[in-house]
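I have placed the structure first, in the form of structure tokens, so that the comments after it can refer back to it.
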């Protein structure tokens, strides 16, 4: 209940902003928060509308309907539109545990699968489940990592990739991240309730690594994982080894777990 109150407080503060900011996806009651770089969608695309630009309104609709974020069976089946897309149980058809690869608009492999990032999120949550730190069973058939974590991004602006950016684009990204920090500090009651925060965003988290006070101002007493073997945890998308995911899983701390 405390987490839900904090989440409702976050929504209330976001409602006072001129821009309805991106919040995230997954379970607000979870013990784990995963933070990536930015959503990899073309601006204005269907996927961007589903996962990002309408995110605040989607959460508000659920709260106004009295959803307690306990049982995903309360969520109606997604019909392919952003209006029925549910940030609590995204793509609840569900997606297969494989990477769907496309060339242009044509699917060339893994039809019905997910993105590389979400595939790795599923593997990570499975490793944490294998260690007995979470109650849900390992799932190697479909994507359900969102039951055990909440995910968000440090840069609210969607970008398919961040290679070859202009100086101005890099400056805009830095400004977006700073603004995100300010927004998260304002809504600390939600971001600080997680037991473990995984900063899977490479250099985007440099300011947090350098400034312990900033980290505490956002995440409170949470265990924050940003490096593994003295290397920054990258965005969990391309060329991610099972060894890295297993090492992250080992560091995850869950309080008051049933053993």
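Looking at residue 109 and the list (1) touching a strand residue (DSSP E or B) at 6+ places or on another chain (Cβ under 7 Å); (2) buried (at least 17 other Cβ atoms within 10 Å of the Cβ), which single condition is not satisfied? With respect to (1) touching a strand residue (DSSP E or B) at 6+ places or on another chain (Cβ under 7 Å); (2) buried (at least 17 other Cβ atoms within 10 Å of the Cβ), residue 109 is out only on (2).
Of the listed requirements (1) within 30 Å of residue 100 (Cβ to Cβ); (2) under 18 Å from the mean Cα position of the chain (by Cα); (3) assigned to a helix (DSSP H, G or I), residue 197 misses just one: (3).
Within the stretch 55-75, residues that are on the phi > 0 side of the Ramachandran plot and at pLDDT below 90 have Cβ atoms under 6 Å from residues that are surrounded by 13 or more Cβ atoms within 10 Å (Cβ to Cβ) and not in a helix (DSSP H, G or I) in these pairs: 69/28; 69/29; 69/88, counting only partners at least 6 apart in sequence or on another chain.
Examine the stretch 76-93 for a residue that is over 21 Å from residue 190 (Cα atoms), at pLDDT 95 or above and in contact with a helix residue (DSSP H, G or I) (Cβ under 9 Å, 6 or more places away or on another chain), and state whether such a residue exists. Spell out how you get there, then give the answer.
First, pick out the residues of the stretch 76-93 that are over 21 Å from residue 190 (Cα atoms): 76-85, 91-93.
In the following step, the residues that additionally are at pLDDT 95 or above were identified as none.
Checking the stretch 76-93: not a single residue is over 21 Å from residue 190 (Cα atoms), at pLDDT 95 or above and in contact with a helix residue (DSSP H, G or I) (Cβ under 9 Å, 6 or more places away or on another chain).
Within the stretch 220-258, the only residue that satisfies the criterion of being touching a helix residue (DSSP H, G or I) at 6+ places or on another chain (Cβ under 8 Å) and more than 26 Å from residue 119 (Cα to Cα) is 220.
Residue 166: over 21 Å from the mean Cα position of the chain (by Cα) and closer than 21 Å to residue 202 by Cβ, yes or no? Judged against the criteria, residue 166 is a match. Quickly run through the stretch 116-147 and pick out the residues that are in contact with a strand residue (DSSP E or B) (Cβ under 7 Å, 6 or more places away or on another chain) and within 20 Å of residue 39 (Cβ to Cβ). Once the filter is applied, which keeps residues that are in contact with a strand residue (DSSP E or B) (Cβ under 7 Å, 6 or more places away or on another chain) and within 20 Å of residue 39 (Cβ to Cβ), the stretch 116-147 yields 116, 117, 119, 121, 143, 146.
Within the stretch 220-249, which residues are within 22 Å of residue 207 (Cβ to Cβ) and outside any loop (DSSP other than H, G, I, E, B)?
Initially, the stretch 220-249 is screened for residues within 22 Å of residue 207 (Cβ to Cβ), giving 220-237, 248.
223, 224, 225, 227, 228, 231, 232, 248, listed by residue number.
Scan the stretch 92-102 and tell me whether some residue there is more than 29 Å from residue 247 (Cα to Cα) and part of a strand (DSSP E or B). Yes, because at least one residue in the stretch 92-102 is more than 29 Å from residue 247 (Cα to Cα) and part of a strand (DSSP E or B).
Being touching a residue at least 24 places away in the same chain (Cβ under 8 Å), under 22 Å from residue 53 (Cα atoms) and surrounded by 20 or more Cβ atoms within 10 Å (Cβ to Cβ) is a property that residue 177 has.
Please count how many residues of the stretch 137-161 are under 18 Å from the mean Cα position of the chain (by Cα) and either part of a loop (DSSP other than H, G, I, E, B) or surrounded by fewer than 22 Cβ atoms within 10 Å (Cβ to Cβ) (or both).
First pass over the stretch 137-161, keeping only residues under 18 Å from the mean Cα position of the chain (by Cα): 142-161.
Of the ones still in play, those that are also either part of a loop (DSSP other than H, G, I, E, B) or surrounded by fewer than 22 Cβ atoms within 10 Å (Cβ to Cβ) (or both) are 142-144, 147-149, 152, 154-161.
Residues in the stretch 137-161 being under 18 Å from the mean Cα position of the chain (by Cα) and either part of a loop (DSSP other than H, G, I, E, B) or surrounded by fewer than 22 Cβ atoms within 10 Å (Cβ to Cβ) (or both): 15 in total.
For the stretch 162-172, filtered to residues that are modelled with pLDDT under 90 and either assigned to a helix (DSSP H, G or I) or touching a strand residue (DSSP E or B) at 6+ places or on another chain (Cβ under 8 Å) (or both), the residue that is surrounded by the most Cβ atoms within 10 Å (Cβ to Cβ) is 169.
The values are calculated or read from the model by the stated rules, or taken from the named source; none is laboratory data. Just so you know, these numbers come straight off a predicted model, no measurement behind them. Positions of Cβ are generated from backbone atoms using ideal geometry, with glycine treated the same way; all protein chains shown enter the neighbour counts.
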